[in-house]
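Asks: Sharing a structure, written as structure tokens. Questions coming.
Values quoted throughout were computed directly from the atomic coordinates according to the rules given, and no laboratory measurement underlies them. Remember, it's a predicted structure, so these values are computed and weren't measured experimentally. Ideal geometry is used to build each Cβ from the backbone, glycine not excepted, and the neighbour counts take in all protein chains shown.
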Amino acid sequence: MTALPEDQPPVISEDDRDAAVQRLQEAYTEGHISHEDLDERLHRVLTGKTHSELASALASLPEEKAGTTSTIAAAGGRIQRRGVWRVPRILKVESAFGRVHLDLSRAVIEHPVVDIELQLGSGRAKITVPRDAIVDIDALHTGWKDTLYKPRRSSRPGGPRIRISGAMGFGRLKIRHARR
């Protein structure tokens, strides 16, 4: 029996590929990898088809200089990240009254584990994770409404682990896996 097309791992975009090439070039320029290692990793990035192949080419590179923790904060209004963006190792999101929408489906995720810490007052939050992601919400405390999340029945190994923690006051968190 052959796999259905929808069961195939998502194909990486050209933006993902370009970000990985840039990261490899920076590592070579800073002396973290040799010329031969650069050539081999570039070949894997340029010929790879899935996010797990991309992640394996970036494995063992030193952490980025900009740091691995980022904070997004707003007293009110909307916090939104979507499209192609680089997800830090630890992402802190703080909002007293606004809505939060994080779309990681096309984001560049270079870490096998990403921690998202939510500190939300009364706004709702929606997080879209990659199709092959494994989501852990055990450390999230909700005050008013339960979290809406249905784990995927079958997940492929190699996807990132997204750990969501923190506290939500009166809002609701909705998590879904990307369809593509």
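Asks: Name the residues in segment 68-89 that are among the small types (Gly, Ala, Ser) and over 15 Å from the mean Cα position of the chain (by Cα), would you?
Replies: Ala73, Ala74, Ala75, Gly76, Gly77
Asks: Quick one: what pairs do we get from segment 103-126, first residue farther than 22 Å from Asp146 by Cα, second among the acidic types (Asp, Glu) and surrounded by 18 or more Cβ atoms within 10 Å (Cβ to Cβ), C-beta under 6 Å, 6+ apart or different chains?
Replies: From segment 103-126, the pairs are Val108/Asp16.
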